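The values are calculated or read from the model by the stated rules, or taken from the named source; none is laboratory data. Quantities reported herein were computed from a predicted structural model and do not represent experimental measurements. Here the Cβ positions follow ideal geometry from the backbone for every residue, glycine too, while neighbour counts run over all protein chains shown. Ligands, DNA and RNA are stripped out before the accessible areas are found, and what is left, the full protein with its side chains, is counted by its heavy atoms. Shrake-Rupley method; radii C 1.70, N 1.55, O 1.52, S 1.80 Å.
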Amino acid sequence: PSSMRLGRALHFRLPPARVLANIVRSIGVEHLKPIAPPPQEALPRWRRIAKGLRHSRTRDAEAIHYHYDVSNTFYEWVLGPSMTYTCACYPRPDATLEEAQENKHRLVFEKLRLKPGDRLLDVGCGWGGMVRYAARHGVKAVGVTLSKEQAVWGQNKIADEGLTDLAEVRHGDYRDVSQSGFDAVSSIGLTEHIGVANYPAYFRFLKSKLRTGGLLLNHCIT
């Protein structure tokens, strides 16, 4: 409700043409050109042909490595103790970021109707926030990420919290997950890395990991 009230209070208008012209002049037309994406995100044509599809396993691994294997220390500075990259869900206007991230994981957990003893697969798990939340509530959770740095940090955090019997963060491609029969599968803010053309195959794969009657949640809040 508070976010809806905030949305209604915001009004965006373009500045007058003269002001806009002054802004452009002060910035410089040459600086308005968008910055080229890194090569991991936009391979030259010959490499796309040589390596196959844009969202091949190799390309996806390179892109994730470029973005997330920078340094866990860097992300600790940026993200705070929760080490959660996707947007938080604030339960109230004065909530802290950590409370909002915890609330997001609670929301996903409840939407999936998870209960102690269930099995969860979290695809694109990042540093394992959802995995650890589920484990703290008695769910056996497996997370998978293409970032080696994320996997190492997540496994260390799992050990620190005494959750090794219930939680695991793996370094690898989600397509290499061999287990099935999960009670639920979560995918939080991952579809942007999948590619629209690959959505059908992606969701078919996730569905194949579920037991009959299991729940799949693709939470797009990035």
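Below is a table of values for the structure above.
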quantity	calculated
Spherically averaged projected area of the stretch 124-222 from its Cα convex hull (nm²)	6.2
Percent accessible area from carbon and sulfur atoms, the stretch 85-222, protein chains only, probe 1.4 Å	52
Additional length obtainable on full extension of the chain from Val24 to Glu98, 0.36 nm per residue less Cα span	22.8 nm
Hz values of 3J(HN,Hα) by residue in the stretch 197-207 - Karplus curve (6.51, -1.76, 1.60), Gly and Pro given as x	5, 9, 4, x, 5, 4, 6, 5, 5, 4, 4
Per-residue ³J(HN,Hα) for the stretch 149-154, Karplus 6.51 cos²θ - 1.76 cosθ + 1.60, θ = phi - 60°, Hz, x for Gly and Pro	4, 5, 4, 5, 4, x
Neighbour net charge for Gly189 - beta-carbon separation under 14 angstrom, K R +1, D E -1	-1
Mean Cβ neighbour count within 10 Å, used as a protection proxy, ranking 77-88, 111-122 highest first	111-122, 77-88
Accessible area in square angstrom per residue, the stretch 75-222, 1.4 angstrom probe	48
HN-Hα J in Hz across the stretch 178-194 - Karplus 6.51, -1.76, 1.60, θ = phi - 60°, x for Gly and Pro	8, 5, 9, x, 5, 6, 7, 10, 10, 9, 9, x, 9, 4, 4, 8, 8
5 angstrom amide H check on Arg170, placed H, neighbours 5+ away	Gly143, Val144, Thr145
Charge sum, other residues only, whose C-beta stays under 9 Å from Met130's C-beta, Lys/Arg counted +1 and Asp/Glu -1	+1
